[in-house]
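Read through the structure below, which is laid out as C-alpha cells, and then see the notes.
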Amino acid sequence: MFKGFTTEGCKTGLIAFFGFLLLLVTAPLASASGFAPGDLIVSLSDGTIEIRSATDGTLKSTMSGPFTGEAKGLAFDANGNLMATYWYNSNDTNGNTVAIYHPDGSYSGTFGSGYNCQPSGLIRDSKGNFWVADAGCTGQLLKFDSTGTLLQALTLPSDNVGVWWMDFAPDGCTLYYTSDGEDIQRYNVCNNTALPNFNTAPLSTSGAGALGLRLLQDGSVLVADHNDIIRLDPSGNVAMTYDAVNDWGLVDVYPDSDGKTFWASSYGTGTVYHYDMATGAVLLSFATPALAKGVIVVPTPPPPAAPCGCDIKNVNITTSWNSIEGPKGSQPKVWLNAHISTPAGLSTTATSEVLFTNGTLTVNGAKYPMPDGMVIFSPKAIIPFTVYDEKLNMWITTVNPNKMSDEIFFDGAAIPATPAMASSGTATLSFTVQSKVNLSFDWQWSASVFSSWPNDWNAAAILPCHGSGHAGSAGDWDTAKSLIEEPRGVNGAIAASRSVNVNCRP
C-alpha cells in the first residue's frame, strides 16, 4: 500500500505505471479463464498453457490456441499479453511460431515470422524488442520490434544446438544464453561480439546440459541443468546446487519477486517445483497433465507515483450507522463499498487519475483498514472495469471520461461481521485523496451482510459504475453471484456526501 507521497520522479513513475495499465485499458476484460498479476503460468508439451495459483499451485484455467506442438518460452509484451513460443507438432503441420494470448485467456494470433525451426527462448528487452531463439536447424537468434517486424538475425557460438534459453543483463547489451551444453555463454548484441563464458568451470561432468536460465538482481544466475538447478555467484562460481528432487528433466527457472524463492519446471516428470533459494527446500510441488516446459509469473504493475503538483487532502466523513442483522453462517462478511459522483471538468482527451490511500473505517469505535484505490479516467478505455490487486492491496477502476455514468466505484472491502456492527451508532470513513486535476466529489457508502464472500475479490465482479449495461449500482457484485450466498440483514447502511476540492498546480 502507499502510505506516503513524494513528488521526486513522479512523472516517470506515473508513465511506467500507466504504461503497464494499458493492458487493462485496451485489452478485453479479464474473465475466469484469464490471468492476473501474481498468477503462475506454465507451458506444456501438448501445446496448452496453464494458469495456476502461485500460492498453492491450484489450476485456475487452461489456455490453448490452434497449435499441438510443444509450448516453450514465455514472456509478456508491453500491453500485458502473454507471448509463447511453439515447436512444430509431430507431423510438422502446425507450430514453429510465437503465439499471443490476451489477459482474458483468449488466443490472439501469432507474432513475427521467418522462424527457421523450433523457436524456444523468448525475451523482451528494455526497448520493447523481442528476441526469439531458434533452437533447431540454423540455431539463429532473431530480433523483432514490438510489432513483429524482423530486425536482425544473428548466429551465435553454441555448444550442442543453437541458442536455446536466454536472459539479458541490466546493460541491455549482454545476452546470457545456453545451448544444452556445459556452459552459460555470453554475447554482446549491441556490437555483435562474443564474450567469455560466464561460468568459471563446466556446469556438469555427467553429460547434462544447461537449459533455462535467469539473472538475479545481485548479478548471480540461476540455471536448470537437467538433473538439478545451479546458482552461480556474480563471478561465475557455483554458489549452490538445488538437488532435493530426484528429477532428470529440469528445464526452466523463474525467480519470484520476493527474491527469496524461485520456480522450476520439469519436462521429465511434468512437475513444477517452488524452491526456497537460501535453503534449497522444496516449498511446493505439483504435477501437470503434460510435460512442463516454460514457467513464469505474471508481473505486478509497479506502485503508482502520486500525481504531481496536487495538494493531498485528508478526508473524514462521519454519519450514522444502522445496526446490521446479527452474524449468521460460518463466515459472515460485511461488504462495504464507496463510490464518487461523476466529476466535472475532466479532459476528454487526456488521462487523469485520482489516488486514495490510508483508508480506515471506524464503526462504533472498532477500526477496519480499507484497501487503497485508484480511479483512472482514460479516453482509451473501451469499457469501464474494476480489478483488485491483492499484492498492492489496491482497487483500480478505469472509466472513459466520454462515457461516464453518475457514480464510479473507488473502494470496498469484505470485512468479517463483528459485534460492533450489530449496534446502531456512528461510522467514520477516513482517507487521503490526491488528484492530477481540480475535482469535486460526493462520497457515498453502503453496507450489506453476506453469509460468505470469495477469497478472490475479483471473483465477485464488482461493478465499476452505475449503468453501462449493468443493472446494479457502483460497488455491487455482478457475474459471480454463484460464489456468494445471498445477502441478508441488509439493514446497515452509511449514506453521506462530502464535497472535496483538490487543488492542482502546473
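The values are calculated or read from the model by the stated rules, or taken from the named source; none is laboratory data. All values derive from a computational prediction rather than experimental measurement. Ideal geometry is used to build each Cβ from the backbone, glycine not excepted, and the neighbour counts take in all protein chains shown. Side chains are part of the model used for accessible areas, which takes the heavy atoms of the whole protein and leaves out ligands, DNA and RNA. Shrake-Rupley method; radii C 1.70, N 1.55, O 1.52, S 1.80 Å.
Being hydroxyl-bearing (Ser, Thr, Tyr), assigned to a strand (DSSP E or B) and either farther than 19 Å from ALA210 by Cα or without any contact (Cβ under 8 Å) to a residue 40 or more places away in the chain (or both) is the filter here, so list the residues in region 269-301 that pass it. It would help to see each step written out before you state the result.
Taking region 269-301 first, the residues hydroxyl-bearing (Ser, Thr, Tyr) are 269, 271, 273, 275, 279, 285, 288, 300.
From what's left, assigned to a strand (DSSP E or B): 271, 273, 275, 285.
Answer for region 269-301, where residues must be hydroxyl-bearing (Ser, Thr, Tyr), assigned to a strand (DSSP E or B) and either farther than 19 Å from ALA210 by Cα or without any contact (Cβ under 8 Å) to a residue 40 or more places away in the chain (or both): THR271, TYR273, SER285.
Please pick out the residue among GLY105, GLY80 that is at pLDDT below 95, open to solvent by less than 40 Å² (accessible area, probe 1.4 Å) and touching a helix residue (DSSP H, G or I) at 6+ places or on another chain (Cβ under 7 Å). Please lay out each step first, then the result.
Working: GLY105 fails: touching a helix residue (DSSP H, G or I) at 6+ places or on another chain (Cβ under 7 Å).
After ruling out the rest, the residue left standing is GLY80.
Would you say ASN227 is in contact with a Phe, Trp or Tyr (Cβ under 6 Å, 6 or more places away or on another chain) and at pLDDT below 95?
On the way: in contact with a Phe, Trp or Tyr (Cβ under 6 Å, 6 or more places away or on another chain): yes; at pLDDT below 95: yes.
Yes.
Need the failing condition index for ASP92 against (1) open to solvent by 10 Å² or more (accessible area, probe 1.4 Å); (2) at pLDDT 90 or above, just the number.
It fails just one condition, (2).
Those residues that are among the β-branched types (Val, Ile, Thr) and more than 22 Å from LYS143 (Cβ to Cβ), I need them from region 177-216; list them, please.
Filtering region 177-216 for residues among the β-branched types (Val, Ile, Thr) gives 178, 184, 189, 193, 200, 205.
Result: THR200, THR205.
Could you tell me which residue of region 169-208 is surrounded by the most Cβ atoms within 10 Å (Cβ to Cβ), considering only residues that are closer than 11 Å to ASP159 by Cβ and touching a Pro at 6+ places or on another chain (Cβ under 9 Å)? Reasoning before the result, please.
So the first thing to find is which residues in region 169-208 are closer than 11 Å to ASP159 by Cβ, and the list is 177-185, 197, 202-203.
Retained after the next criterion (residues that are touching a Pro at 6+ places or on another chain (Cβ under 9 Å)): 179, 181-183, 185.
Details: SER179: 25, GLY181: 19, GLU182: 20, ASP183: 22, GLN185: 23.
Among those residues, the one meeting the criterion is SER179.
Kindly state which strands (runs of 3 or more DSSP E) lie completely within region 354-437 and contain at least 3 residues that are free of Cβ contacts under 8 Å to residues at least 40 places away in the same chain. Spell out the reasoning first.
On the way: elements: 366-369, 372-377, 385-389, 394-399, 407-416, 425-435.
It comes to 372-377.
Go through the residues of region 100-116 one by one and say whether even a single one is under 28 Å from ASP228 (Cα atoms), outside any loop (DSSP other than H, G, I, E, B) and either in contact with a Phe, Trp or Tyr (Cβ under 7 Å, 6 or more places away or on another chain) or without any contact (Cβ under 8 Å) to a residue 24 or more places away in the chain (or both).
Of the residues in region 100-116, the ones under 28 Å from ASP228 (Cα atoms) are none.
No, there is no match, as no residue in region 100-116 is under 28 Å from ASP228 (Cα atoms), outside any loop (DSSP other than H, G, I, E, B) and either in contact with a Phe, Trp or Tyr (Cβ under 7 Å, 6 or more places away or on another chain) or without any contact (Cβ under 8 Å) to a residue 24 or more places away in the chain (or both).
For region 405-436: of the residues being open to solvent by 40 Å² or more (accessible area, probe 1.4 Å) and either in contact with a Ser or Thr (Cβ under 7 Å, 6 or more places away or on another chain) or under 13 Å from PHE377 (Cα atoms) (or both), which is modelled with the lowest pLDDT?
LYS436
Are any of the residues in region 55-65 under 26 Å from the mean Cα position of the chain (by Cα), more than 21 Å from VAL387 (Cβ to Cβ) and open to solvent by less than 10 Å² (accessible area, probe 1.4 Å)?
Within region 55-65, one or more residues are under 26 Å from the mean Cα position of the chain (by Cα), more than 21 Å from VAL387 (Cβ to Cβ) and open to solvent by less than 10 Å² (accessible area, probe 1.4 Å).
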